[in-house]
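See structure below.
The values are calculated or read from the model by the stated rules, or taken from the named source; none is laboratory data. Note that the coordinates shown come from a computational prediction; the quantities given were computed from them, not determined experimentally. Cβ atoms come from the backbone with ideal geometry, glycine included; neighbour counts cover every protein chain shown. To get the accessible areas, we keep the full protein, side chains included, count just its heavy atoms, and leave off ligands, DNA and RNA. Shrake-Rupley method; radii C 1.70, N 1.55, O 1.52, S 1.80 Å.
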Amino acid sequence: MAKVEIRDTYKHYGPVEVIHGVNVDIADGEFVVLVGPSGCGKSTLLQMIAGLETITEGEILIGDRVVNHLPPKERDIAMVFQNYALYPHMTVEQNMGFSLRIRREKKDKIKQQVAVAAEILGLQDLLKRYPRELSGGQRQRVAMGRAIVRQPQVFLFDEPLSNLDAKLRSAMRSEIKDLHQRLKTTTIFVTHDQIEAMTMADKIVVMNDGIVEQFGAPLDLYDEPVNIFVAGFIGSPAMNFIDGKVEGGVFVAQNGERWALPKAMSTKDRSSCIYGVRPEHIRLGEGGIEAKITMIEPSGSETQVGVEINGEHLVCLFRERMHAKLDDTISLVADLANCHLFDKESGLRIVDAG
């Protein structure tokens, strides 16, 4: 196991800069997820850690070693790819032990380490099969087993679940998290799916256009997003944003509706800001804002409801069963303990009354 330090790191492709001075410290044994929209630079950063991409500026350390100029095989990492990258002409056992054969390890040691990894992942009965004879989930476990056999200091996962169906993705999330808890190996996991990030990570790195927007524990990012981008990206359904101003101790939307504010946010008038409230933090309440239902999506345990308020469209998430129907009018109240204000120009969350 080892810590990973990314220090003021840049990546250029000719004149195009795709990673802009990233700084992240990953503690020994942590499970860190790099998350962000497609094209944000998360996979490029992972490949720089792995040695598959060169570093234009800055340093990357694994343990106490600067690895900028080390080839991948000397970095003591193991990578699990999106497409599994299994050798089709090799059995499961041969695939899992291949890296050890390349290192000229003794046959008995290879067999022992493959057996241990197979037991951890439930692959004992599949060792003589070929990749074409396996399901997607089984192939992914083989790819993970190949990484485990190497006993690296760091595991790197590059969107390993994106080719799986929803049910299998959920099961594999649990397997990977359980694997980390058993092995305690430092793990860096790339995904564009914020649900994966929230459910798996000790820490999340939210990336956007080659920069780190925020780095922290999942619930810290959810409860205290540093800006509008993080607030809108973390959480599903996404946070509602309403344009307006603070006036007379309340938030006045552009459509004229007035939303209550907690005391700390209401002491200063602001001419241009954005009110943010998550769908699950809007509830039914008498004397609230009148809204017309435009969409109802029940899922059993909760109901997602789209509403219109004088031209403003919002999404609500109710845990209780809804007996209303389309075009009905309901009264909505925001949970004051969980609403946010953002500066419209900078996008930063306003954290005090000053």
Quick calc, the chain, dipole around Cα centre from Cβ unit charges on Lys, Arg (+) and Asp, Glu (-), nearest 20 debye, gives 1880
What is the sum of charges around Leu45, taking Lys and Arg as +1, Asp and Glu as -1, for the other residues whose C-beta is under 12 Å from the C-beta of Leu45?
-> 0
Could you work out how far apart the two model spin labels at Ser38 and Ser272 are, taking each label as a point 7 Å from the Cα in the direction of the beta carbon, and quote it in nm?
-> 3.3
Pick out, from Val92, Thr56, Phe31, the residue whose Cα sits farthest towards the positive end of the charge dipole of segment 1-101, with +1 on the Cβ of Lys and Arg and -1 on the Cβ of Asp and Glu.
-> Val92
Lys/Arg Cβ at +1, Asp/Glu Cβ at -1, dipole of segment 213-268 taken about the Cα centre: which of Gly256, Met239, Gly216 is farthest positive-ward?
-> Gly256
Charge dipole of segment 21-133 built from unit charges on the beta carbon (Lys, Arg +1; Asp, Glu -1), centred at mean Cα; most positive-end Cα among Ile77, Pro131, Gly41 is Pro131
Per residue, what accessible area does the chain have, given a 1.4 Å probe and all protein chains present, in Å²?
-> 48
Mean Kyte-Doolittle of at least -0.5 and a Cα length of 15 Å or more along the axis: which whole DSSP H helices of the chain meet both?
-> 92-102, 107-121, 136-149
For the chain, which whole-number percentage of the solvent-accessible area (1.4 Å probe, protein heavy atoms only) is attributable to carbon and sulfur atoms?
-> 48
In terms of solvent-accessible area of protein heavy atoms at a 1.4 angstrom probe, what is the ranking of Lys42, Lys128, Lys107, highest value first?
-> Lys107, Lys128, Lys42
Going highest first, how would you order 78-84, 137-143 by mean Cβ packing within 10 Å?
-> 137-143, 78-84
Once amide H atoms are built 1.01 Å from N in the peptide plane, which residues 5 or more positions from Asn68, or in another chain, come under 5 Å H to H?
-> Ile60
